[in-house]
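One structure is given here, and the rest of the page talks about it.
Taken together, the values in this text are just the output of simple stated rules run on the coordinates, not laboratory data. Everything numeric in this text was worked out from a predicted model, so none of it was measured. Don't worry about glycine lacking a Cβ; one is built from the backbone with ideal geometry, like all the others, and counts go over all protein chains shown.
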Amino acid sequence: MFYAYILYYVLGFVMIPGIILGIWAQMKVYTTFNEYAKVETKHGKTAAQVARYMLDGAGCVDTKIARIRGELTDNFNPQTNTISLSDSVYDQNSISAIGVTAHEIGHVFQHKDNYVPIKIRNILVPIINFAGLIVWPLIIVGLILEFTNAFVGSDILVYIGLGIYGLDILFCLITLPIELNASKRAYKMLLATGELDEEEALNAKKVLNAAAWTYVAALLTSILSLLRLLLFLFALRGGDN
Ligand SMILES: [Zn+2]
């Protein structure tokens, strides 16, 4: 089993492109966000004010707006119907703050419109949470059974393990269009409501596009994780299977 551990560790090199893209995307998000966090909007309203105005305008009077700690922790929770805006967004009137806020409102409208990818993701979430708990025990039990020949057809456990990794890829694949769509809605909304003028909206879009790269990095990482596992299983079996 020690050999297997070393082998899996060594195969980590497969993950390098995903790690590099992930770090690059994070840096891009922070630098772009910080750049436009220094630029105040002509309108001058705070993000929380803009959010209330946009939500009420669309009839989402029940959607709450809360403040949350941390950086870039902004999110929409459909269970509590609450938009949480972080400290560098909530009471700020920067291009970045308004852009991020409009993106979260985009998520509110996705739920309101019964946007199909959201529905698919909602079905996937509990399955993936459960799968995440059992993936490694399954693969290990599958391999032990296979090596000890204790159970003919134990391959099935390994394949279930691989299937679970496939689910993760599916989740990342469905998240990407959801995030891009929320940003697209944000851009249109900002222009339509006149909260930002064209130049400001384009800059807000730069902040949101940078954030989208983190989801591309997550997708690449999930694909490479599966590749790493496939190589691991292939090498462990001496490639004779
Ligand atoms: Zn989002």
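Placing unit charges on the Cβ atoms of the charged side chains and taking the dipole of the chain about its Cα centre, the candidate lying farthest along the positive direction among A102, G70, G44 is A102. Across the chain, C-alpha contacts under 8 Å between residues 6 or more apart give a mean separation that, scaled by the residue count, equals a relative contact order of 28 percent. Shape call for the stretch 41-105 from the C-alpha gyration tensor, a ≥ b ≥ c root eigenvalues: rounded (a/c under 1.5), prolate (a/b greater than b/c) or oblate? In terms of gyration-tensor shape, oblate. Rounding to the nearest 10 and keeping the result within 0 to 90°, find how far the Cα-based axis of helix 198-236 lies from the longest principal axis of the chain. Here the helix axis deviates by roughly 10 degrees.
Seen against the Cα atoms of the chain and their longest principal axis, helix 16-37 is set at about 10 degrees. In order along the stretch 63-68, the phi-based Karplus estimate (6.51 cos²θ - 1.76 cosθ + 1.60, θ = phi - 60°) of 3J(HN,Hα) comes to 5, 8, 10, 10, 9, 10 Hz; Gly and Pro are listed as x. Please work out whether the chain counts as rounded, prolate or oblate from its C-alpha gyration tensor, where a ≥ b ≥ c are the square roots of the eigenvalues and a/c under 1.5 means rounded, while otherwise a/b larger than b/c means prolate and anything else oblate? Since a/c reaches 1.5 and a/b is larger than b/c, the shape of the chain is classed as prolate. Beta bridges from DSSP with both residues in the chain: antiparallel share about 45 percent, rounded to the nearest 5. Helix 47-57 versus the longest principal axis of the chain: what angle, 0 to 90°, nearest 10, using Cα atoms? Rounded to the nearest ten degrees, it is 80. The dipole here belongs to the chain: it is taken about the Cα centre, uses +1 on the Cβ of Lys and Arg and -1 on the Cβ of Asp and Glu, and is about 100 debye. Straight-line cross-link partners of K28 among the lysines, defined as a Cα under 21 Å from its Cα and at least 8 positions apart when in the same chain: K38, K184, K205, K206. Computed from phi, the 3J(HN,Hα) profile of the stretch 109-114 under the Karplus parametrisation 6.51, -1.76, 1.60 (θ = phi - 60°) reads 5, 4, 5, 4, 8, 6 Hz, with x in place of Gly and Pro.
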